[in-house]
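Novice: Dropping the structure in here first, questions after.
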Amino acid sequence: MKKFTFNALVCCVFGVVLMSCDKTEETEVDPLAATQSKNFGTDPSSCEIIEFDEYSPTEASRGAITTVYSQNTPVRVAAHYRLSNGGYAEQNTALLFDTSAPDRKNQQFRTPSPAAMRPMGQVLSVGSSNGKTTSLYTKGSRIEMDFSAMGSINLKGLHVLDISEEEAGSRLELLDKDGNLLKTMELPVTGAYGATRLRVDTPGVVKLRVVFGNESSRSGGGAIDVIEFCREEI
């Protein structure tokens, strides 16, 4: 009886040690896997996520991107810079900016970084082209994404980048199928080249519009990425 009890005790202790080793290994691996996941830092209830890494601006006219896809459904994209009269230019200047390999003028706009820990890759911004090169536009602009091919969506959130103190008052506008304004939200100030997630949680959205800078001035720039949403039943 004593021998059986001693053997059983040894087996139990040995088993606990093995379980502890397994648990330690699992703890070391999980954080790395999470940071590499497309869903890292997003709402787990989101049904679809649009990122811009798979698209090439050279596939579109003058470097502007006009369409992205989610589960083979098109989402129209347009960006326009602000004019001196407060209106917007007609030309689409939607720009994909690569934060993993920024150009010489924007070397600090890079992720991952202390200001934007999540690797963002290509982000959607507004460009200014002189026919030879395209650069980020910082004198006031807006971006629009049209989800009408899906019907309407419940917009869960999106990531906002590069909103400095001088650009406070930049905003997100959400429109319904009739073009009526559903909600307006001020964009968080991320600091220069920073990034943060904006929680939205708004149903009935057909179009989102991001306005950079105060529309009474010729200043403002930024970018968006990681558009989180669920389609609504038609």
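The values are calculated or read from the model by the stated rules, or taken from the named source; none is laboratory data. Keep in mind it's a predicted model, so treat the numbers as computed, not measured. Surface accessibility is based on the protein's heavy atoms, side chains included, excluding ligands, DNA and RNA. Shrake-Rupley method; radii C 1.70, N 1.55, O 1.52, S 1.80 Å.
Novice: What accessible surface, in Å², does a 1.4 Å probe find on Glu215, ignoring ligands, DNA and RNA and rounding to the nearest 10?
Specialist: Probe radius 1.4 Å; accessible area of Glu215 about 70 Å².
Novice: Here's another thing I want to ask about it. Over region 107-184, what relative contact order in percent results from Cα pairs under 8 Å that are six or more residues apart?
Specialist: 13 percent
Novice: While we're here: Of Lys156/Lys177; Lys183/Lys207; Lys139/Lys207, which sit over 21 Å apart, Cα to Cα?
Specialist: Beyond 21 Å: Lys139/Lys207.
Novice: Let me ask another. By accessible area of protein heavy atoms, probe 1.4 Å, what ranking do Lys156, Lys183 get, highest first?
Specialist: Ranked list, largest accessible area first: Lys183, Lys156.
Novice: So, one more: Would you mind calculating the relative contact order of region 161-234 from Cα pairs under 8 angstrom and at least 6 residues apart, reporting the percent as a whole number?
Specialist: 39 percent
Novice: Would region 55-194 count as rounded, prolate or oblate if I go by the C-alpha gyration tensor, calling it rounded below 1.5 in a/c and otherwise prolate when a/b exceeds b/c, oblate otherwise?
Specialist: Judged from the Cα gyration tensor, region 55-194 comes out rounded (a/c under 1.5).
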